[in-house]
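The structure appears right after this line, and notes come after that.
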Amino acid sequence: MAATLPIIDLQELQESSSSSSGKLREACEHWGCFRLINHGVPVSLMSEMKKVVGELFDLPISVKRRNVDVLSGSGYIALSSMNPLYEAFGLYDIGSTAAVHEFCDQLGASPHHRETILKYAEATHGVAMKVAARMAESLGVLASDGAGLFEDWACQFRINKYHFQPETVGSAGVQIHTDSGFLTVLQEDETVGGLEVMDPSDSGYIPVDPVSGTFLMNLGDLATVWSNGKLRNVKHRVECKEAAVRISIATFMLGPPRYTVVEPPPAFVDGRRPRLYRPISYEEFRVMRQITDKQAGEALELLQGPAQPLSTKFDVNSLPADVLAQIQDID
C-alpha cells in the first residue's frame, strides 16, 4: 500500500500545539513535503487566481513576452521545440508590492486581475513566512535566534501551464528535480493531477492527488543547507496522466536578500555535527545548478567540505555572457 503525505494544520501550528510542531518536524525531516490545511487563504481567492491565470495565458504571445526575467529564467517561458507542452509566467519578488504592480503592468492586467494577483501574492507570501518560522521553531530555532530573518527572504511566483495532448499521455511533463530554494507553496490544479514525489524510502515515486483548497508544501535544496542536513529536499516530477490543460501556481521562498549567504544557525553546528555545506547565496547556488545541470539535489555535493569561494568549484566569470549578464543585472 502506497504511503500518504503528511497533513499539517497551520491553524493548529499558530496556536503553538506541541504535537503539531512535532508532526511538522517529522514531515520536514522524513518527507520534505506535506499537505497544508487551514492555511487562511480563502478558497474563493484560490479559485479566482486560477481563473485570472488562465486568462493571462490566453493573451497574445507578444504581450506574454513582456514578462521579462529578473533572475535568469524568472520571466515568461514560451512553448518551444524543447518544451512543447510547457509555458510559464514568473514574478520576482512577490513580497514587493512594486514588483507585483510591474508584473501586472507588463501584461496589461485589468483592475480585477491586478486586485486578485495582489491579494493572492500577499496571502501566499504570508503562508510561506508563517510555515518557515514554524519549521524553524520545530527545530528549536526561535524568532530571536534567526527565524525572523525569513521575513526579508525573496519569494517568486512561477505560474505553470501544461498543454498535455493525447499522444503525450504517459510521458514526463517535468523532469525529476528538487526545488533550488528553501520552501515552495504550491496550488495544484484541482482537476488534473500528475505530480509525483519521491517516497521517503527512495523506493519510487508516489502520486500526489490534488486536494482542492489546500497547498502542497515542498522543501528545496537551500532548506537542507540552512538546516545543516536536517531537512529533506524532496525530489518530484510531473507526469502526463491525461490529455488536458494543467495549471499550477507556485510560490517559491528562495533565500535571503541578494547575495547574502545561507548558512545554518549556530544551534545546528557543533562538535558532534560539523558543518556539512559551505555558505552560499541563493543566486550563486542557482547558477551552480544551471551550469552543472545538477537539478535533482546533486548540486549539494559541490557544497560539501570546508568553506571556500565559489570560484574554487567553478569560475563564475567563465559563464556564458548572456547568463553572466542576467546575474549581474539582478539589482
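The values are calculated or read from the model by the stated rules, or taken from the named source; none is laboratory data. These numbers were taken from a predicted model, which means no experiment stands behind them. Reconstructed Cβ throughout: ideal geometry from the backbone, glycine too, with neighbour counts over all protein chains shown. Heavy atoms of the whole protein, side chains included, go into the accessibility calculation; ligands, DNA and RNA do not. Shrake-Rupley method; radii C 1.70, N 1.55, O 1.52, S 1.80 Å.
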**Request:** Arrange the residues GLU196, GLU190, GLU167 by how much accessible surface each exposes, largest first, with a 1.4 angstrom probe.
**Result:** GLU167, GLU190, GLU196
**Asked** Ignoring ligands and nucleic acids, what accessible area does ARG273 show with a 1.4 Å probe (Å², nearest 10)?
**Response** 80 Å²
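Whenever you get a sec, line up ARG66, ARG158, ARG275 from highest to lowest accessible area (probe 1.4 Å, protein heavy atoms). Kindly include the intermediate steps, with their values, before the conclusion.
Numbers: ARG66 125, ARG158 20, ARG275 95 Å².
Largest accessible area first, the residues go ARG66, ARG275, ARG158.
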**Request:** Label segment 139-259 by shape, choosing from rounded, prolate and oblate, from the square roots a ≥ b ≥ c of the eigenvalues of the Cα gyration tensor; if a/c is under 1.5 it is rounded, and otherwise prolate applies when a/b is larger than b/c, oblate when it is not.
**Result:** prolate
**Prompt:** TYR86's amide H: which non-local residues (gap 5+, or another chain) put their own amide H closer than 5 Å, with H modeled 1.01 Å from N in plane and none for Pro or chain starts?
**Reply:** SER80, HIS163
**Request:** Before anything else, pin down the relative contact order of segment 81-199: Cα pairs under 8 Å, at least 6 apart, normalised by residue count, whole percent.
**Result:** 37 percent
**Lys, Arg +1 and Asp, Glu -1 on Cβ, resulting dipole of the chain about Cα centre, debye, nearest 20** = 280 debye
**Prompt:** When only Cα pairs under 8 Å and 6 or more residues apart are kept, what is the percent relative contact order across segment 194-241?
**Reply:** 45 percent
**Request:** Over the chain, average the accessible area per residue using a 1.4 Å probe and give it in Å², no decimals.
**Result:** 44 Å²
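Cross-link list LYS23/LYS130; LYS50/LYS241; LYS119/LYS235; LYS64/LYS119: which exceed 25 angstrom alpha carbon to alpha carbon?
Violating the 25 Å limit, Cα to Cα: LYS119/LYS235.
Ordering GLU283, GLU242, GLU15 by accessible area with a probe of 1.4 Å, largest first, what comes out?
Values: GLU283 10, GLU242 80, GLU15 125 Å².
From most exposed to least exposed: GLU15, GLU242, GLU283.
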**Spread of Cα-to-Cα distances over 10 Å intervals beginning at zero, given as percent, for segment 188-241** = 23, 44, 28, 5
**Item:** Cα-based Rg and Dmax for the chain, where Dmax is the largest Cα-Cα distance (Å)
**Value:** 19.2, 58
**Asked** Convex hull over the Cα atoms of segment 96-191, averaged projected area in nm²?
**Response** 9.0 nm²
**Asked** From the residues ASN38, VAL53, LEU13, which one has its Cα farthest along the dipole of segment 6-57 in the positive direction, the dipole being from +1 and -1 charges on Cβ of Lys/Arg and Asp/Glu about the Cα centre?
**Response** VAL53
**Fill in**
Result row for the chain, helices from DSSP H with C-alpha axial extent 18 Å or more and mean Kyte hydropathy at least 0.5, is 43-57
**Request:** Compute the FRET efficiency between ILE61 and ASP152 as 1/(1 + (r/R0)^6), taking r as their Cβ-Cβ distance and R0 = 41 Å, and round to the nearest 0.05.
**Result:** 0.70
**Dipole magnitude of segment 64-212 about its Cα centre (Cβ charges: Lys, Arg +1; Asp, Glu -1), debye to nearest 20** = 480 debye
**Fill in**
Sequence order, segment 232-240: Karplus ³J(HN,Hα) from phi using 6.51 cos²θ - 1.76 cosθ + 1.60, θ = phi - 60°, Hz rounded, Gly and Pro as x, gives 8, 8, 7, 7, 8, 7, 10, 10, 7
**Request:** With the full set of protein chains in place, find how many percent of the accessible area of segment 1-103 is carbon and sulfur; take the probe as 1.4 Å.
**Result:** 53 percent
**Prompt:** Say the dipole of the chain comes from +1 at the beta carbon of Lys and Arg and -1 at that of Asp and Glu; which of THR292, THR168, PHE103 then lies farthest toward its positive end?
**Reply:** THR292
**Request:** For segment 164-275, give the percent of accessible area contributed by carbon and sulfur heavy atoms, probe 1.4 Å, rounded to a whole number.
**Result:** 49 percent
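Would you work out the relative contact order for the chain, in percent, from Cα pairs under 8 angstrom that are 6 or more residues apart?
Relative CO of the chain lands at 19 percent.
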**Shape category assigned to segment 1-151 from the gyration tensor of Cα positions, a/c cut at 1.5** = prolate
